Amino acid sequence: MNVTSPAAEAAPPATGETILRLRGISKKFGAVSALTDIALDVHAGEVVALVGDNGAGKSTLVKVLAGVHQPTSGTIEFCGQEVTLPDPGAALHLGIATVFQDLALCENLDVVANLFLGHEMAPWRLDEVGMEVRAWTLLRELAARIPSVREPIASLSGGQRQTVAIARSLLLNPKIIMLDEPTAALGVAQTAEVLNLIERVRDRGLGVIIISHNMEDVRAVADRIVVLRLGRNSGVFTPEASNNELVAAITGATENAVSRRSARKAAEHGEISA
Amino acid sequence: MSQNQPALDRSDERVRHEETLSDSLRAFFDRIRSGDLGVLPVIVGLIVISVVFSSLNPVFLAPNNLVNMLFDCATVGMISLGIVCVLLLGEIDLSVGSMSGFASAIVGVLWVNMGWPVPAAIAAAILAGVVVGALYALLYNRLGMPSFIASLSGLLAMLGMQLYILGPTGSINLPYASPFVKFGQVMIMPDWFAYLAALLPGAGILLNGLSARRRRLAANLSAQPMTNLVLKAGALTAGLLFAVWYLNLGRGVPWMFGLFVLLVVVMNYALTRTKWGRSMFAVGGNREAARRSGINVRRIYLSAFVLCSTLAALGGVLSASRLASSSQQAGTGDVNLNAIAAAVIGGTSLFGGRGSAWAALLGIIVIQAISNGLTLLNLSSSLRYMITGGVLAIAVIVDSLARRSRMSHGRA
Ligand SMILES: Nc1ncnc2c1ncn2[C@@H]1O[C@H](COP(=O)(O)OP(=O)(O)OP(=O)(O)O)[C@@H](O)[C@H]1O
Ligand SMILES: [Mg+2]
């Protein structure tokens, strides 16, 4: 893919090297402990899937890494060095790019402006042509169906917005990309394109964290599956792990809503065929 | 652009593109219908105002009356330009009137009473604006104080300071013969210069448009049709030349108005062509998204509040020069609301994220036309206040309705 710039290619992290190492990360919102003592490693050239039930703390963890929230305690090591992420600018500067679950786009600005927001080409005399060409190139790679990059984001569909948000994360040649449910609103072709993209990005030696509720997508691209439950680590799996194992880790019981449902279905099926 | 390969931005067949003049006209009406009103309210407003007032008193459209109007536009327009900055962020500064009055008092006291040189007195007044703006930003950024409340207390505090430094006499007359006062009362551009200045915007549009066109075509992007460009520049130039000719039948174009327009042009460039301007719109549109893009949101608020108070102070300095006095009345009454109304009438949304520097220029012309017309009719200030209040209400209603329509048409 040609979204690289010379700057990023100058120092690609060696594959296998640990890009990100979290230890003991906790985050409290008042009385609520959204994250408790989380440990997580991400290596270069690796896709880590973060799964868990609604409210498990996945988005909170991503926001901590994006500099949006400050952890209550714990350490973050980036490329071997302990770092603090006081604001989103710091995370972006280190090379941590994020596609947020709520996308965080400015509806009043057009697609080009959103893609380059905060990192415009030629700050004192905006290079609109350069930015527009780059925008089209990026969107092409994502097989984006966007009629015009000069329309405000407010006029785009949910999936188109999601594509814009993903394109934006690639723009700055990050070392690690975090995607919070990036395919939730995407069509079949666009989902496949995003999964392809994740693989391409991984092959280029970037670390990827992907959050998804779609186990099929997760198994398709992930090298490791990290499960969170109620804000705590609840196991690390390979994509070969059985569905039961994963569901048990996510819900915290072998006896759970999913297993009960499949048992009931199986029973009903038996009755009908009997 | 090669023949068989469509331009980069023309590959989606669902989008209608403006190729010809009639396409452009249709696009214009589509925009209006979807609530993107642009300059339409201003043009409609000006036509209605001109017809009504000139039928009531023919002096209204006399060249010299219009020249006076332009002098007045410059003072409040300057304040309005600052208001545009805070409105873009979805904030407000209700103390711009007091700020301008305080600044005008500073000039009078330092210059006439204390014998400072004029430039130093002006610099002090403007510095006061910077400090007040920085203070609002501090209250907003660090303490989360709504700008509405902060500036409301600022309004009272600065009015107090204005009365305090003016002392018991309450009014200082500025020397008539000084260049400072002449600037606000009699200094007029030479005819040839005014004509030359009238040619600049058209030439600017044409040259800028041509170079943008060239670069876009070179990058395989579609470009604005040439006829549109020429027509736009031609119409603007013709309009401006006519205006200058008409004003030159009277006294001519005031330098003070020229200064105001120059600042509008600079502000327009800053808002549309720099990273700072982009960040202003982003913060006004979605503050959290702007923050997550790495924009230093606090600095953007600081810049807007400082600009607003500074321009208000500058407006106060100009009004001192215009009135040849620093008095207790300076900046009181309808100055505040006129400045805000002008920005809104010109198309700046109270909800943040929409607007332009031109709004200040166009809006203030409408406001001053109304106020001037009412003065010519010898209406008491009670009626003038009521009518100005009504106009502001209408402007805000139009803004709200247009916003609702934009939301349902996906134009935010
Ligand atoms: N800004 C906040 N203030 C207070 N509580 C919060 C905040 N953000 C998240 N929480 C709480 O933290 C917990 C974890 O939320 P989080 O958004 O991380 O869940 P999630 O795993 O992303 O869920 P989902 O799959 O629904 O996106 C929830 O209980 C939520 O209520
Ligand atoms: Mg989430």
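By its C-alpha gyration tensor, with a ≥ b ≥ c as the square roots of the eigenvalues, how is the stretch B:120-277 shaped: rounded for a/c under 1.5, else prolate for a/b larger than b/c, else oblate? It is oblate, given that a/c is not under 1.5 and a/b is not larger than b/c.
With 0.36 nm allotted per residue and the present C-alpha distance subtracted, the B:Glu288-B:Ala123 stretch has 55.8 nm of extension available.
Segment B:Leu377..B:Leu143, full-extension length gain: 79.5 nm, with 0.36 nm per residue of separation and the alpha-carbon distance subtracted. Which of rounded, prolate or oblate describes the stretch B:303-412 when judged by the alpha-carbon gyration tensor and an a/c cut-off of 1.5? Because a/c hits 1.5 or more and a/b fails to exceed b/c, the stretch B:303-412 counts as oblate. A simple spin-label model places the labels of B:Asn57 and B:Tyr385 2.0 nm from each other, with each point 7 Å out along Cα-to-Cβ. Within the listed set B:Ser50, B:Ser293, B:Ser104, the residue fluctuating most in the Gaussian network model of chain B (springs between alpha-carbon atoms under 10 angstrom) is B:Ser293.
Length gained on full extension, B:Leu156 to B:Gln329, computed as 0.36 nm times the residue gap minus the Cα-Cα distance: 60.9 nm. Enumerate the residues in the stretch A:103-143 having an amide nitrogen under 19 Å from the point lying 7 Å beyond the Cα of A:Glu151 toward its Cβ. Residues A:105-116, A:132-133, A:135-143 fall inside that zone.
Over the protein assembly as shown, dividing the summed -39,500 (n - 2.57) contributions of all DSSP H runs of at least 4 residues by the number of residues returns a 222 nm mean residue ellipticity of -19000 deg cm²/dmol.
Of all DSSP beta bridges in chain A, what percent run antiparallel (nearest 5)? Among the beta bridges of chain A, antiparallel pairing accounts for roughly 55 percent.
Normalising the average separation of contacting C-alpha pairs (under 8 angstrom, six or more residues apart) by the number of residues puts the relative contact order of chain B at 35 percent.
Note on chain A: GNM, Cα springs under 10 Å; of A:Gly118, A:Gly24, A:Gly235, the largest mean-square fluctuation is that of A:Gly118. Note on chain B: with a GNM built from Cα contacts shorter than 10 Å, the maximum mean-square fluctuation among B:Ile172, B:Ile79, B:Ile345 falls on B:Ile172. Given R0 = 25 Å, the distance between the Cβ atoms of A:Asp37 and A:Ala184 translates into a calculated FRET efficiency of 0.30. What is the list of residues in the stretch B:230-250 whose amide nitrogen lies under 16 Å from a point 7 angstrom out from the Cα of B:Leu210, following Cα to Cβ? Those under the cut-off are B:230-235, B:237. Of all beta bridges DSSP finds with both residues in the protein assembly as shown, what is the antiparallel percent, to the nearest 5? Around 60 percent of the beta bridges assigned by DSSP in the protein assembly as shown are antiparallel ones. Quick check: from the Cα gyration tensor, does the stretch B:93-201 come out rounded (a/c under 1.5), prolate or oblate? Taking the square roots of the gyration eigenvalues as a ≥ b ≥ c, the stretch B:93-201 is oblate. Approximating the spin labels as points 7 Å out from Cα along Cα→Cβ, the B:Arg298-to-B:Asn173 distance works out to 5.0 nm. Here the Debye sum runs over all C-alpha atoms of the protein assembly as shown as equal scatterers in vacuum, and log10 of I(q)/I(0) at q = 0.07, 0.08, 0.09 Å⁻¹ comes out as -0.59, -0.73, -0.88.
Every read-out reported here was derived from the displayed coordinates using simple, explicitly stated rules and does not represent laboratory data. Every value quoted in this text rests on a predicted model; they were computed, and no experiment measured them. So basically every Cβ, Gly included, is an ideal-geometry build from the backbone, and we count neighbours across all protein chains shown.
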